[in-house]
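So the structure is just underneath, and the comments pick up after that.
The values are calculated or read from the model by the stated rules, or taken from the named source; none is laboratory data. The structure presented is a predicted model; accordingly, all values stated were derived computationally and were not measured. Please note: Cβ atoms are built from the backbone with ideal geometry, for glycine as well, and neighbour counts cover all protein chains shown.
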């Protein structure tokens with residue numbers, strides 16, 4: 001099974017029926033069966049917020065939720081680490097907040113996107129074990145931004161450790177040059193799921209952290225040839241695991257939606273049980 005989606009549902013004007021600047025989840029879910037939500041990274045949401053999302057989408061619609069920034073040690077990356085008890089409490093609060101999606105089986109996975117400062121060492125390895133402990137039996141996906149986790153001499157050990165923890169190792173498609181980025185090398189560590197996150201291949205935007213860098217680095221429009229290559233990769237991975245998730249995050253120029261829709265066409269995918277396709281009558 002190959003499921004395609006985007007980061008957030010709102011920032012995709014191409015999906016707005018009436019040509020608005022943002023799309024509603026009811027509009028988004030008429031095209032895609034899954035969405036990645038990054039708002040929990042910045043602040044743990046209320047249960048009522050998640051229930052509101054649920055009410056706008058079909059019962060079988062799936063959500064990927066980003067882990068909160070305290071859960072991924074972004075405070076450490078900023079040089080201002082919180083006390084350990086505060087970090088543990090963030091896990092507890094997060095788990096309480098996401099319970100509506102857990103109860104409805106609409107939580108596909110929790111995405112732990114670690115900062116570049118989270119390098120492979122003994123402390124990081126132990127922290128990943130604690131993540132599994134705190135998250136219980138929930139699906140956990142991990143994206144690294146430091147290539148120490150992909151070094152040839154440790155690759156097998158990392159893969160086996162992820163299998164032991166039942167983590168999905170996310171495969172990010174991003175520029176990988178010298179000391180920047182990680183390689184786009186999908187490694188199956190979970191028989192149930194492999195997760196591709198497509199950030200785009202804007203080398204200049206990715207490697208020059210100036211101005212609006214955080215926006216410009218995802219300014220990228222995948223070419224037809226690149227989408228064809230991704231489609232072939234998805235087919236290969238689909239033979240190795242139960243589900244392949246592909247999330248487009250190349251949205252600085254609002255290219256993600258059209259790229260994802262085109263990939264659906266290339267793969268010949270028609271999803272069942274989406275929201276009714278709304279028509280613009282005027």
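Brief remarks follow.
- For region 148-170, the count of residues that are part of a loop (DSSP other than H, G, I, E, B), touching a residue at least 40 places away in the same chain (Cβ under 8 Å), touching a strand residue (DSSP E or B) at 6+ places or on another chain (Cβ under 6 Å) and surrounded by 15 or more Cβ atoms within 10 Å (Cβ to Cβ) is nonzero.
- Residue that is modelled with the highest pLDDT, among those in region 184-205 that are surrounded by 15 or more Cβ atoms within 10 Å (Cβ to Cβ) and over 18 Å from the mean Cα position of the chain (by Cα): 202
- Total residues in region 13-28 satisfying the condition of being surrounded by 19 or more Cβ atoms within 10 Å (Cβ to Cβ), in a loop (DSSP other than H, G, I, E, B) and either at positive phi or at pLDDT 95 or above (or both): the figure is 0.
Residues checked against (1) assigned to a loop (DSSP other than H, G, I, E, B); (2) in contact (Cβ under 8 Å) with a residue 60 or more places away in the chain:
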residue: 196; (1), (2): no, no
residue: 206; (1), (2): no, no
residue: 219; (1), (2): yes, no
residue: 225; (1), (2): no, no
residue: 233; (1), (2): no, no
residue: 245; (1), (2): no, yes
residue: 250; (1), (2): yes, no
residue: 254; (1), (2): yes, yes
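- The listed residue being crowded, with 16+ Cβ neighbours inside 10 Å and farther than 25 Å from residue 241 by Cβ, out of 175, 116: 175
- Any hit, region 219-232, residues being under 20 Å from the mean Cα position of the chain (by Cα), surrounded by 12 or more Cβ atoms within 10 Å (Cβ to Cβ) and modelled with pLDDT under 95: yes
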